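Undergrad: Next up is a structure, given as structure tokens.
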Amino acid sequence: MATIKQIAELAGVSVTTVSRILNYDDTLNVQSQTKKRVFEAAESLEYQVKEKKKKKKKLKIGLLSAYSAEEELEDPYYLAIRLAIEKKAKEEGNSCRRLEQDGIGEIGEKQDGLICIGTFSRAVVDQLRRLEKPVVFVDLTEEGDLFDSILVDSRDGTKKVLKYLLEEGHTRIAFLGGYDVDSDGIPHEDRRAQRYKEYMERYGLLKDSYVLLKGYTLNDGYEMGRQLLEENREEPPTAIFTANDTIAVGCYRAIQEAGLTVGKDISVVGFNDISIAKYMSPPLTTLHIYMDFMGAEAVSLLEERLHRGREVCKRVYIPAKLTLRDSVARLKK
């Protein structure tokens with residue numbers, strides 16, 4: 001505990017005065033401001049002593065990704081999140097070990113907690129539950145009363161994109177996306193596709209031929225872009241909203257092969273704002289996702305459970321910022 005001498009030095013009074021104030025000596029005649037300084041100094045020093053004594057245990061964190069190294073390169077969104085997790089864990093002095101889905105049981109038992117990135121099957125989620133350890137899901141919400149989760153606010157993000165395009169005069173807006181496939185091979189419809197359909201239907205602008213769901217790679221974007229333009233020759237969309245920036249890259253190629261110009265003949269908006277988005281030609285207007293923050297926050301949530309004993313689960317929604325560049329043409333004069 002802090003000594004009276006330390007408190008006296010911090011408060012700028014004598015040791016005797018500190019002793020009498022802390023013992024509530026009612027014969028002592030001092031100003032309230034002096035008492036306040038003494039009590040604040042005592043509390044401050046006591047807190048510092050407690051913090052010094054309570055050394056944080058270095059954690060062993062298991063990192064489980066639904067995506068292979070090859071898939072991460074095809075969609076750098078998950079790569080960026082994983083790297084942010086590993087960086088934050090290292091900064092905090094924690095170890096971070098990548099796990100395979102078939103090794104959750106044995107290796108997972110040796111970890112203090114786990115961080116899981118992506119979409120997982122029911123069987124994997126059940127295995128994690130049986131470990132009875134703190135788990136943080138990134139980009140997936142599962143059993144909110146058992147696990148923490150960090151999610152992009154896709155509803156608000158999709159609304160920002162579509163609102164912006166409508167304000168720029170676009171009403172023929174297409175959507176290119178995919179399905180999140182879990183480790184059992186079961187597809188789950190993209191939340192952005194759901195939000196897009198809800199929003200466009202509300203304004204009476206939803207057109208089935210403008211919605212294509214295939215996958216999230218560059219080749220998927222190229223194939224969907226070609227199909228979209230081919231099937232809608234009579235009334236092509238004036239703008240395309242893609243579920244990620246990698247799809248947008250492939251879509252650019254399909255548009256250019258059709259003899260059209262991105263940002264002039266047809267507009268494109270992406271989602272994620274990966275590092276190459278600003279270097280595309282033209283630079284891509286996209287929704288910026290705070291991937292670094294998501295990764296760091298996942299580590300912080302796990303530390304909070306393990307160091308502070310938090311029992312109530314948290315579901316954290318991270319907002320996205322619309323980053324305007326040159327890939328959208330203004331139709332309204």
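Undergrad: Mean 1/r over all different Cα pairs, inverted: what Kirkwood radius does the stretch 143-295 give, in Å?
TA: 15.9
Undergrad: Within 13 Å, Cβ to Cβ, of Ser281, how many net charges do the neighbouring residues add up to if Lys/Arg are +1 and Asp/Glu are -1?
TA: For residues surrounding Ser281, the net value is +3.
Undergrad: Continuing with the same structure: Pop the C-beta distance of Lys278 and Asp184 into the FRET formula with R0 = 51 Å and round what comes out to the nearest 0.05.
TA: It comes to 0.85.
Undergrad: Based on the mean of other beta carbon atoms within 10 Å per residue, what is the order of 245-253, 59-67, 224-232, most packed first?
TA: Those peptides, ordered most packed to least, come out 245-253, 59-67, 224-232.
Undergrad: Under the rule a/c < 1.5 gives rounded, and otherwise a/b versus b/c splits prolate from oblate, where does the stretch 66-137 land using the Cα gyration tensor?
TA: oblate
Undergrad: Output the relative contact order of the chain, whole-number percent, from Cα pairs under 8 angstrom with separation of 6+ residues.
TA: Relative contact order here is 18 percent.
Undergrad: Determine the gain in length on full extension of the stretch Ser209-Gln33; use 0.36 nm per residue of separation and subtract their C-alpha separation, reporting nm with one decimal.
TA: Length gained, Ser209 through Gln33: 56.1 nm.
Undergrad: Could you give P(r) for the chain, binned at 20 Å from zero, as whole percent values over all Cα-Cα pairs?
TA: 27, 40, 22, 10, 1
Undergrad: Can you tell me the FRET efficiency between Glu71 and Glu40 if r is taken as the Cβ-Cβ distance and R0 is 51 Å, rounded to the nearest 0.05?
TA: It comes out at approximately 0.40.
Undergrad: Between the stretch 264-281 and the stretch 290-309, how far is it from one alpha carbon centroid to the other, in angstrom?
TA: So the two Cα centres are separated by 30 Å.
Undergrad: Here is a follow-up. Taking 0.36 nm per intervening residue step and subtracting the Cα-Cα distance, what contour gain separates Arg330 from Asp25 on full extension?
TA: So the chain would gain 102.2 nm between Arg330 and Asp25.
Undergrad: Determine the calculated [θ] at 222 nm for the chain from helices alone, applying -39500 (n - 2.57) to every DSSP H run no shorter than 4 residues and normalising by the residue count; nearest 500 deg cm²/dmol.
TA: Here the helix-only value at 222 nm equals -13500 deg cm²/dmol.
Undergrad: Here's a follow-up. At 7 Å along the Cα-to-beta-carbon direction for both Glu231 and Gln127, put a label point, then send me their distance in nm to one decimal.
TA: Here the answer is 3.6 nm between the modelled labels.
Undergrad: Calculate the length of the line joining the C-alpha centroid of the stretch 180-250 to that of the stretch 106-158, in whole Å.
TA: So the two Cα centres are separated by 27 Å.
Undergrad: Pick out, from Ile240, Thr34, Phe175, the residue whose Cα sits farthest towards the positive end of the charge dipole of the chain, with +1 on the Cβ of Lys and Arg and -1 on the Cβ of Asp and Glu.
TA: Positive-end residue among those listed: Thr34.
Undergrad: Another question, if that's okay. Tell me which of His288, Ala193, Cys313 sits at the most positive position along the dipole axis of the stretch 177-333, charges placed on C-beta atoms (Lys, Arg +1; Asp, Glu -1).
TA: Sorting the options by dipole projection puts first His288.
Undergrad: On full extension of the chain, what length is gained from Lys87 through Lys58, given 0.36 nm per residue of separation minus the C-alpha to C-alpha distance?
TA: Stretched fully, the Lys87-Lys58 segment lengthens by 9.0 nm.
Undergrad: Pop the C-beta distance of Arg308 and Thr3 into the FRET formula with R0 = 25 Å and round what comes out to the nearest 0.05.
TA: Efficiency for this residue pair is about 0.35.
Undergrad: Here's a follow-up. Roughly what would the spin-label model give for Glu106 and Arg155, points 7 Å off Cα along C-beta, in nm?
TA: In this crude spin-label approximation the distance works out to 4.4 nm.
Throughout, read-outs are computed from the coordinates displayed, never taken from laboratory work. None of the values given here were measured: they were computed from a predicted structure. FYI the Cβ positions are ideal-geometry reconstructions off the backbone, even for glycines, and counts take in every protein chain you see.
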